[in-house]
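S.K.: Pasting a structure below so you can have a look.
Values quoted throughout were computed directly from the atomic coordinates according to the rules given, and no laboratory measurement underlies them. Please read these numbers as outputs of a predicted model, since none were measured by experiment. A quick note on method: Cβ atoms are made from the backbone with ideal geometry, for glycine too, and the neighbour counts reach across all protein chains shown.
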């Protein structure tokens, strides 16, 4: 798990900027996905950080505002938008809606490949999940050792021998 605010520590996202929903920067991210279709609201998954060029909304910004509402209500973590190709800026009404709903909108560099974001964010999420699992496994081993009368030293030796 990752918080939206931690995205800006990831190398490929250094040039990104929050333009709305700053109060939502502590929302959790469990995965990253791309959204480039007009009916994307059908696939809302809580905890997802979505990436888009807003191509499907370039001719009707009111649909982009509606999308932001649906995503926020559906528990999506935030929306990263590339501006400069299909839309030149994020309309004020979209920013106001996102701010009102504490829904982070992040401007992404136009030349940033989606695959870079997905790869780096998901690697970080998977690594954190691995560490959490390892910690949980070690705690279970410790409880077993202590309940069976082993000493702390024997437990530490066991962890060291098994590279845990």
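S.K.: Between helix 114-147 and the chain, what is the angle of the helix's C-alpha long axis to the longest principal axis, kept within 0 to 90° and rounded to the nearest 10?
M.R.: For helix 114-147, the angle is close to 30 degrees.
S.K.: Return the calculated 222 nm mean residue ellipticity for the chain, to the nearest 500 deg cm²/dmol, obtained by summing -39500 (n - 2.57) across DSSP H runs with n ≥ 4 and dividing by the residue count.
M.R.: So the calculated ellipticity at 222 nm is -13500 deg cm²/dmol.
S.K.: What does the C-alpha gyration tensor say about the overall shape of the stretch 60-164? Classify as rounded when a/c is under 1.5, otherwise prolate if a/b is larger than b/c, or oblate.
M.R.: Here the stretch 60-164 falls in the prolate category.
S.K.: Here is a follow-up. Given the options 139, 123, 88, which has the most mean-square fluctuation in a GNM of the chain, springs set between C-alpha atoms less than 10 angstrom apart?
M.R.: Largest GNM mean-square fluctuation: 139.
S.K.: Also: Report, to the nearest 10°, how far helix 61-73 tilts away from the longest principal axis of the Cα atoms in the chain, using its own Cα long axis and a range of 0 to 90°.
M.R.: 20
S.K.: To the nearest 10 degrees, how steep is helix 152-161 against the longest Cα principal axis of the chain, on a 0 to 90 scale?
M.R.: Its long axis makes an angle of about 60 degrees.
S.K.: Suppose a student asked you for the relative contact order of the chain, using Cα pairs under 8 Å spaced at least 6 residues apart; what percent would you report?
M.R.: 27
S.K.: Additional query: Which of the three applies to the stretch 2-121, rounded, prolate or oblate, going by the alpha-carbon gyration tensor with a ≥ b ≥ c and a/c under 1.5 meaning rounded?
M.R.: The shape class here is rounded.
S.K.: Could I ask something else about it? Using a Gaussian network model of the chain with C-alpha springs under 10 Å, which one of 126, 145, 103 is most mobile by mean-square fluctuation?
M.R.: Top of the fluctuation ranking is 145.
S.K.: Still on this structure, I have one more. So for the pair residue 69, residue 85, with labels modelled 7 Å out along Cα→Cβ, what separation do we get in nm?
M.R.: 2.9
S.K.: What's the center-to-center distance, using Cα atoms, between the stretch 1-42 and the stretch 150-164 in Å?
M.R.: 40
S.K.: Identify which of 54, 98, 40 has the largest mean-square fluctuation in a Gaussian network model of the chain, with springs joining Cα atoms closer than 10 Å.
M.R.: Comparing 54, 98, 40 in the GNM, the peak value goes to 40.
S.K.: Still on this structure: Label residue 122 and residue 45 with points 7 Å out from Cα along Cα→Cβ: what is the distance between them in nm?
M.R.: Here the modelled spin labels are 0.9 nm apart.
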